[in-house]
Amino acid sequence: MIAPDAVIEWPVSGERFISRSNYVEVSRSYPEGWEIRILRVIGSGDQAASEVEVPHVDLGLYRVASFWTVDNGQIVRGTEYWTEPGSDEPRPDREAYAERF
């Protein structure tokens with residue numbers, strides 16, 4: 001459950017959603033054809049983190065790392081990092097140390 005006065009930030013796009021209704025509405029208005037695949041969820045005390053995939057039939061695959069603060073069973077603060085796997089070209093100076101997947 002998301003608290004009515006929750007604050008959710010998306011640093012990659014520089015957006016902040018203040019209130020549950022704004023955060024829910026941005027998800028509700030997203031084009032149909034998406035789903036959420038939970039890859040993992042971990043937590044300790046009032047902190048939780050999740051990694052999910054959000055495939056969309058027309059827009060492609062997104063990966064999201066989210067970090068949550070919970071109070072009395074409700075999310076009160078969150079930070080989500082949305083990205084498209086493979087959208088950034090690897091830096092040439094790391095080529096000797098990494099492989100593409």
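Read-outs throughout are calculated quantities, based only on the coordinates presented, and are distinct from any laboratory measurement. Nothing here was measured: the structure is a model prediction, and the numbers come from that model. Reconstructed Cβ throughout: ideal geometry from the backbone, glycine too, with neighbour counts over all protein chains shown.
Scanning the range 5-26 for residues that are more than 15 Å from the chain's Cα centre (by Cα) and among the polar types (S, T, N, Q) returns Ser19, Ser21, Asn22.
Do you know which of the residues in the range 69-101 that are within 23 Å of Val7 (Cα to Cα) and of a type in the set (Asp, Glu) is farthest from the chain's Cα centre (by Cα)? Across the range 69-101, the extreme among qualifying residues is Asp71.
Given the structure, is Val76 surrounded by 14 or more Cβ atoms within 10 Å (Cβ to Cβ), touching an Asp or Glu at 6+ places or on another chain (Cβ under 8 Å) and under 16 Å from Gly45 (Cα atoms)? Answer is yes for this residue. Quick check on my filter: what residues within the range 27-54 are surrounded by 13 or more Cβ atoms within 10 Å (Cβ to Cβ) and more than 12 Å from the chain's Cα centre (by Cα)? Residues satisfying the conditions are Trp34, Ala48.
Pairs meeting the criteria (first residue in the range 1-30 and free of Cβ contacts under 8 Å to residues at least 12 places away in the same chain, second residue not in a strand (DSSP E or B), beta carbons under 8 Å, at least 6 apart or on different chains) are Phe17/Tyr23; Phe17/Val26. Just one of the listed residues (Thr83, Thr69) is on the phi < 0 side of the Ramachandran plot, touching a residue at least 40 places away in the same chain (Cβ under 8 Å) and in contact with a Lys or Arg (Cβ under 8 Å, 6 or more places away or on another chain), namely Thr83.
Among the residues of the range 79-101, just one is of a type in the set (A, V, I, L, M, F, W, C) and under 26 Å from Gln47 (Cβ atoms), namely Trp82.
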